[in-house]
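The values are calculated or read from the model by the stated rules, or taken from the named source; none is laboratory data. Since we're looking at a predicted model, the values are computed, not measured. Every residue, glycine as well, gets a Cβ built from its backbone with ideal geometry; the counts of neighbours run over all protein chains shown.
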There are 2 protein chains.
Amino acid sequence: MTTTQDWIMIGGYGPESYNQQSSYQRALLEAAKDKMTEAISANLDLDLISNRFIVADFGCASGPNTFVAVQNIIDAVEEKYLRETGQNPEDNIEFQVLFNDLRINDFNTLFQTLPPGRRYFSAGVPGSFFNRVLPKQSFHIAVMSYAFLFTSKIPKGIMDRDSPLWNKDMQCTGFNPAVKKAYLEQYSIDTKNLLDARAEELMPGGLMLLLGSCMRDGVKMSETLKGTVMDFIGESLNDLAQKGVTEQEKVDTFKTSIYFAEQGEIRQIIEENGKFTIEAFEDIIHSKNEFPLDPKTLAISFKALYGAFISAHFGIEVMRKAFELVEVKAREQISRLHKVKPGMQYLIVLRKN
Amino acid sequence: MTTTQDWIMIGGYGPESYNQQSSYQRALLEAAKDKMTEAISANLDLDLISNRFIVADFGCASGPNTFVAVQNIIDAVEEKYLRETGQNPEDNIEFQVLFNDLRINDFNTLFQTLPPGRRYFSAGVPGSFFNRVLPKQSFHIAVMSYAFLFTSKIPKGIMDRDSPLWNKDMQCTGFNPAVKKAYLEQYSIDTKNLLDARAEELMPGGLMLLLGSCMRDGVKMSETLKGTVMDFIGESLNDLAQKGVTEQEKVDTFKTSIYFAEQGEIRQIIEENGKFTIEAFEDIIHSKNEFPLDPKTLAISFKALYGAFISAHFGIEVMRKAFELVEVKAREQISRLHKVKPGMQYLIVLRKN
């Protein structure tokens, strides 16, 4: 099988870093806070809240959004505990947060930027979340923010020019049915492995909270804002190859290991897996209305998301030039951006069966 | 109170790194393996070995010695389990290793060099081991290799030229009774905090294995090989200040936060703390006979141990020059090195009361 570059975010704190430029994900977290609090209030068994309560973030990156996500969860657990027992959670509960990401993630930055005054113990858990990374029954609530959309590898055939599955685009645009099928199959296999692993690691009755982005049923990736900007990135890299700034071969072999599934596909995968019950699958109204339609902001936001991945393949100079072109394309095609179909930001609440 | 630079090892894999240059500690680990196996066989309750077994290394640095230490422990637990139950540990036990060190430790290198084929889950736990860093009852066996000798700060007065406790040397040589008393008091306070924290984090009946180096009763630090080389480092830094390569003020304010206690002092601190029973306090016969008496090897070994700490205070160039001088001094005073009093390498086995 074709394997792919591991997916990483730009570490450190520089102006291009995920740490500094992930305000889009942050806005989703803020919009989702009330719904997460409600979900925990409604779905978490009080019996699970004992003297130790453990939260795990899978695909945490190097911060700081993970700190917001886990604090939201801890706040909600404390609120529920106080309301239903009348006791002060600080007297009785020790919280621990397990921060998971690939072992090439920048854990040093994560650890050095842990919020002062936090009321939880911290641990970093290195390893791919498609596999087991923790012993059985290691945590009570898992959260994934914008991480429930990866495949473990580029689907077979996608990078092979002689294959009927060859994909000329760097992403699954949704317009080539064979390519879409290959991505969906890979995503389905990987996501079921992920759910199997988490089901073993989660306490009985524990919850998974999935925050992220998907397609509304029937909408194609390249019809959305995100898909359109991704296409701009692909076109920009092609432009740079045409100009000789990078090689065409490099562009042709550059594919993302991300699949923005349709809502119905996600639901079906979870149901087929059978380890979890879907307690909620909600639309989040995002304060930033997906992304602001400002060419500069779009280029910066997508650089934070995809810059490290593109740099690893093309080098940092080509990456920077590509995002300069993305900004130009966004400016030139601003009317196209105004006509995109809406994406969907979701909060999915899963309870372990 | 005077606070000190945090103690760190040289990260990464470079020729000066702790990772590459910690063969001295490695040799102790190898010499200690049989004694650790015996200690676990004799002292670990079989009841503690259930479907999950958790080992924690406090002060793990960036590897690779921690991997040897924890593997020794896991091997010993598996051996005991197989021998006493007749069952295959691989079928029944999931191991997890918690790697603790300061949050400025190079966890990225640690995670990226985890041994392939290991049969345990891994997590990094950032934070000072003088405080709680984990929830209650988080592990079954703790190990500390060469980490049970730190103080959390330079004792009050040591850096103050106007204080009767002012220490002209960079270490506690043992020859100034007031300085020695100040270091011992600080070490005693800190070590009791460390033991209090571990007692809460350890499972009932759990063990602590302490590997390290101490003074035989009545022997002074500067009478040993280690103390003598430390004095060479101090003298070398003074020489560099005399030559104007660094400032005298910087040298005068450079003090280690390490105290090599006497065997009897360690015993007394543990007994006064009262949270643990000393099951064993053994001499380890070290294959490298403490350190080889080769000036170059001594300079390299001590650079691996103290280089990062010295660099943080003086910069890397001064640090390198200092160790060049250390090698010269060791060569010039080789007869002094041959007359040093023996140090002691220990394995202490503590059982939680």
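Does B:Q96 qualify as being within 14 Å of another protein chain (Cβ to nearest Cβ), under 22 Å from A:D106 (Cα atoms), at pLDDT 95 or above and surrounded by fewer than 20 Cβ atoms within 10 Å (Cβ to Cβ)? Here the answer is no, as B:Q96 does not meet what is asked.
Could you tell me which of the residues B:M144, B:M170 is touching a Phe, Trp or Tyr at 6+ places or on another chain (Cβ under 7 Å), modelled with pLDDT under 95, more than 14 Å from chain A (Cβ to nearest Cβ) and buried (at least 21 other Cβ atoms within 10 Å of the Cβ)?
On the way: B:M144 fails: modelled with pLDDT under 95.
Step by step, each of B:M144, B:M170 is checked, and only B:M170 is touching a Phe, Trp or Tyr at 6+ places or on another chain (Cβ under 7 Å), modelled with pLDDT under 95, more than 14 Å from chain A (Cβ to nearest Cβ) and buried (at least 21 other Cβ atoms within 10 Å of the Cβ).
All conditions in (1) more than 14 Å from A:V70 (Cα to Cα); (2) in contact with a strand residue (DSSP E or B) (Cβ under 7 Å, 6 or more places away or on another chain); (3) within 10 Å of chain B (Cβ to nearest Cβ) hold for A:F129, with the sole exception of (3).
Any residue at all in the stretch A:151-160 that is within 18 Å of A:I270 (Cα to Cα), touching a residue at least 40 places away in the same chain (Cβ under 8 Å), in contact with a helix residue (DSSP H, G or I) (Cβ under 6 Å, 6 or more places away or on another chain) and more than 14 Å from chain B (Cβ to nearest Cβ)?
Yes, because at least one residue in the stretch A:151-160 is within 18 Å of A:I270 (Cα to Cα), touching a residue at least 40 places away in the same chain (Cβ under 8 Å), in contact with a helix residue (DSSP H, G or I) (Cβ under 6 Å, 6 or more places away or on another chain) and more than 14 Å from chain B (Cβ to nearest Cβ).
Select from the stretch B:99-113 the residues that are facing chain A (nearest Cβ under 7 Å) and either surrounded by 17 or more Cβ atoms within 10 Å (Cβ to Cβ) or polar (S, T, N, Q) (or both) and list them in ascending order.
Here is the first cut: in the stretch B:99-113, the residues facing chain A (nearest Cβ under 7 Å) are B:103-104, B:106-108, B:111-112.
Listed by number, the residues that qualify are B:R103, B:D106, B:F107, B:N108, B:F111, B:Q112.
Inclusion of B:A299 among residues that are buried (at least 16 other Cβ atoms within 10 Å of the Cβ), at pLDDT below 95 and over 18 Å from the mean Cα position of the chain (by Cα) is warranted.
Does A:Q186 satisfy the condition of being at positive phi and at pLDDT 95 or above? Write out each step before concluding.
Working: at positive phi: no; at pLDDT 95 or above: yes.
Taking the combined requirement at face value, the residue does not satisfy it.
Of the conditions (1) within 14 Å of another protein chain (Cβ to nearest Cβ); (2) crowded, with 24+ Cβ neighbours inside 10 Å; (3) not small (G, A, S), B:P116 satisfies every one except a single condition; which number is it? Status for B:P116: all satisfied but (2).
So that you can scan it fast, the table gives a plain yes or no per residue for (1) on the phi > 0 side of the Ramachandran plot; (2) in contact with a strand residue (DSSP E or B) (Cβ under 6 Å, 6 or more places away or on another chain); (3) crowded, with 18+ Cβ neighbours inside 10 Å; (4) away from every other protein chain (no Cβ under 12 Å):
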position	(1), (2), (3), (4)
A:F58	no, yes, yes, yes
A:P64	no, no, yes, yes
A:F67	no, no, yes, yes
A:R83	no, no, no, yes
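Scanning the stretch B:168-205 for residues that are assigned to a strand (DSSP E or B) and within 14 Å of B:M144 (Cβ to Cβ) returns a single hit, B:L202. Counting only residues that are of a type in the set (D, E, K, R) and at pLDDT 95 or above, the stretch B:237-257 holds 3 of them.
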